[in-house]
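See below for the structure under consideration.
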Amino acid sequence: MGIELCALMFENLLVFNAEGNKEDWQEGIYHLEDIALTKDVYRNGPLFFSFKSVEDNESFGKFTYYLPINSQVEVAEDANFSFQKHFKVDRALLLRQADEKLNINTAFDEIKSYSNLNNIEIEDYYYCILLNVYGEYIVDLYVPLKSQGDE
C-alpha cells in the first residue's frame with residue numbers, strides 16, 4: 001500500500017503515559033485495557049499509541065496510549081491515566097497495514113524516506129493505530145507533518 005496524506009480524529013479517550021523500550025509497546029496497551037474495564041466504559045474505536053524516542057537513545061522513549069470510549073468520564077486527580085475529550089492531527093502521512101513491513105521501525109523509515117524524497121517536513125514521532133480484524137491486528141502508522149496549516 002502507498003503512503004497518503006490524512007487526518008486523524010477521535011473523541012472521548014482514556015490516555016495513559018509511560019516510558020520504556022520501543023520493543024515493549026504492548027505493555028501500556030494491557031494496562032489501558034484494564035483501566036477501561038474498571039471504569040465500566042465501552043471501547044468504540046481502535047486502540048492507538050504514540051512513541052517519541054529520547055534524544056540519545058532511539059530505542060527508549062515516551063509512549064502515550066489512547067483508547068476511544070463511548071462517553072466522557074471523571075478521573076480522580078491521583079489516577080495514573082487521564083481523560084481527553086478531543087484528539088486531532090490535521091495532517092499526517094499514513095502508511096496503511098504497516099505491519100506488513102518487518103517492524104514498525106521499518107515502516108517509520110519508509111515514511112521518512114518518502115517525506116525526504118517529496119520535501120515534506122514530518123515530526124520525529126508517530127501514531128500507531130491497532131485495528132483488530134478477526135483477532136489479528138492490522139497496524140496503520142501516522143506521522144504528523146510539522147506544518148499543520150493549509151498549503
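The values are calculated or read from the model by the stated rules, or taken from the named source; none is laboratory data. If you're wondering where the values come from, they're calculated on a predicted model, not measured in any experiment. Counting neighbours? That spans all protein chains shown, and the Cβs are built from the backbone with ideal geometry, glycine included.
If you go through segment 5-39 one residue at a time, how many are modelled with pLDDT under 85, in contact with a Leu (Cβ under 9 Å, 6 or more places away or on another chain) and over 16 Å from ILE104 (Cβ atoms)? Result for segment 5-39: 5.
Could you please let me know if GLY2 is among the small types (Gly, Ala, Ser) and out of contact with any strand residue (DSSP E or B) (no Cβ under 6 Å at 6 or more places or on another chain)? Answer is yes for this residue. Summed over segment 1-33, the residues that are closer than 19 Å to TYR137 by Cα, acidic (Asp, Glu) and touching a residue at least 12 places away in the same chain (Cβ under 8 Å) give a count of 2. Candidates in segment 34-55 are the residues that are in a loop (DSSP other than H, G, I, E, B) and in contact (Cβ under 8 Å) with a residue 12 or more places away in the chain; of these, the one that is nearest to the chain's Cα centre (by Cα) is PRO46. Candidates are the residues of segment 56-73 that are β-branched (Val, Ile, Thr) and under 17 Å from the mean Cα position of the chain (by Cα); the one that is farthest from GLN97 (Cα to Cα) is ILE69. Scanning segment 100-121 for residues that are over 13 Å from ILE3 (Cα atoms) and buried (at least 18 other Cβ atoms within 10 Å of the Cβ) yields a count of 1. Scanning segment 56-75 for residues that are over 13 Å from VAL15 (Cα atoms) and outside any strand (DSSP E or B) gives ASP56, ASN70, SER71.
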